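One structure is given below, encoded as structure tokens.
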Amino acid sequence: MKRCLPSVLGLIIGLILVPASRSAPPLIAQTEINYLIGFLGNSGCEFYRNGTWYDSKAAETHLREKYTMLEGSDRIRSSEDFIEQVATKSSLSGQPYQIRCSGGEVLTTTQWLYAVLARFRTSGAGAPHTSRGAPGFNVSAANQLISRPS
């Protein structure tokens, strides 16, 4: 019995110290999220964050880093979770992120990314075409989707 005690205590301590495992989002969500981030990065659009306009590559880097921090938290289980919890507003200031493409209308990233996601899903997500280096469609198509009356 005395020989088992250290093993049992070690096991108990190990279980206490090991954090609960967290799972990554489902594969379809990961695919869509990576598509959204990559599409933004290749869009050539400007990204407004905390009072400053950034280029699309800086936006891609920022959202990818923010997503990576939350990816294993079980808070991001879908593309919609990503848009709402990562790509909507600044975690520091609470100010909404905005996007402007080709000097056009300023949209919230929420509006723009939902339009991009909808188009990606309806384009047969498994076989999107390429435009401006990003799979899917061109940026003006996303802006046209937003401006259509519901």
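All of the numbers you see were taken from the coordinates with simple rules; none came from a lab. Source: prediction; values computed, not measured. Please note: Cβ atoms are built from the backbone with ideal geometry, for glycine as well, and neighbour counts cover all protein chains shown.
Annotations
- Least to most buried among Leu92, Leu107, Leu70 (fewest other Cβ within 10 Å first): Leu92, Leu70, Leu107
- Ranking of Leu113, Leu63 by count of other Cβ atoms within 10 Å, fewest first: Leu63, Leu113
- Calculated FRET value between Leu92 and Leu27, using beta carbons and R₀ = 35 Å, to 0.05: 0.70
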